[in-house]
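Encoded as structure tokens, the structure appears first; notes follow it.
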Amino acid sequence: MAPNSLFAVLLRSPWWVSFLAAGAIALACGALLPSHVAPYAAVGVLPIFGVGCVAAWRQLRAPSATRMQAALDEAGTLPWRALADRLESAWQAEGHTVHRLPGGPADFRIEREGRTALVSARRWKAGAHGVEPLRDLQAAMRAQDVASGVYLAPQGAVSDAARDFARDHALAIMDGPALATLLLKAPAATAARR
């Protein structure tokens, strides 16, 4: 689906926006079209109504902002070994095969459906994230012939230069909601271990 198509925009919007749009279109059909045609034209809102149902389902199942912030805050307090266990469990819950890498700029090698990525997570407590760790990760990707990399930044700000470098070199920066959602996928037993 194109990222700026009507359905993609409605899926990212609050669920009630789709229902409001569907209702407005149905009312417009009833007011502007002849009475014998209006019901047939109003059926055209069913896809928008369906998107509203999907958006509502996703949003009701999504963790709250408070819970996501708590997950990020907790990640900042965990020692490295506990955070690594949590990340490994979360990726395994998503269906990845996870290999821990000893030392170096990459901490994990994750594989799923034939795709491989290197992950750098050791700077999880850094207050600022610059280009240098991303360069190191990109060099490790080249050395291991891996096409994509992920840099985790649960705390602190990622510089604009780092974001530009990541965009230009097939690196994903996982911070904020995306990282919190990943951390919340770890099974409860792993989350309780510290």
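Can you name every residue in the range 1-19 that is outside any helix (DSSP H, G or I) and free of Cβ contacts under 8 Å to residues at least 12 places away in the same chain? It would help to see each step written out before you state the result.
From the range 1-19, those outside any helix (DSSP H, G or I) are 1-5, 13-14; that's our starting set.
Scanning the range 1-19 gives 1, 2, 3, 4, 5.
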Practice problem: Could you identify the single residue in 120, 159 that is among the polar types (S, T, N, Q) and under 17 Å from residue 86 (Cα atoms)? | Solution: 120
Quiz item: Residue check, residue 155 against (1) among the polar types (S, T, N, Q); (2) surrounded by fewer than 21 Cβ atoms within 10 Å (Cβ to Cβ); (3) in a helix (DSSP H, G or I), all met but one. Which one?
Solution: (3)
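Of 74, 111, 94, which residue is touching a helix residue (DSSP H, G or I) at 6+ places or on another chain (Cβ under 9 Å) and closer than 28 Å to residue 132 by Cβ? I'd like the intermediate steps shown before the answer.
Working: 111 fails: touching a helix residue (DSSP H, G or I) at 6+ places or on another chain (Cβ under 9 Å); 94 fails: closer than 28 Å to residue 132 by Cβ.
Answer to the check: 74.
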Quiz item: Among the residues of the range 143-152, is any aromatic (Phe, Trp, Tyr), within 17 Å of the chain's Cα centre (by Cα) and within 29 Å of residue 58 (Cα to Cα)?
Solution: yes
Quiz item: Looking at (1) farther than 23 Å from residue 117 by Cβ; (2) of a type in the set (D, E, K, R); (3) over 17 Å from the mean Cα position of the chain (by Cα), can you tell me which one residue 61 breaks?
Solution: (3)
Quiz item: Considering the range 1-10 alone, what residues qualify as being farther than 15 Å from residue 45 by Cα and in contact with a helix residue (DSSP H, G or I) (Cβ under 7 Å, 6 or more places away or on another chain)?
Solution: 1, 2
Quiz item: Inside the range 21-124, counting only strands (runs of 3 or more DSSP E) that do not spill past its ends, which hold 2 or more residues that are surrounded by 16 or more Cβ atoms within 10 Å (Cβ to Cβ) and in the same structural domain as residue 177 (by TED's automatic domain parsing)?
Solution: 108-112, 115-120
Quiz item: When you look at residue 147, is it over 17 Å from residue 182 (Cβ atoms), assigned by TED's automatic domain parsing to the domain that holds residue 71 and in contact with a Pro (Cβ under 6 Å, 6 or more places away or on another chain), yes or no?
Solution: no
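The values are calculated or read from the model by the stated rules, or taken from the named source; none is laboratory data. As the structure is a computational prediction, the values presented were derived from the model and not from experiment. Don't worry about glycine lacking a Cβ; one is built from the backbone with ideal geometry, like all the others, and counts go over all protein chains shown.
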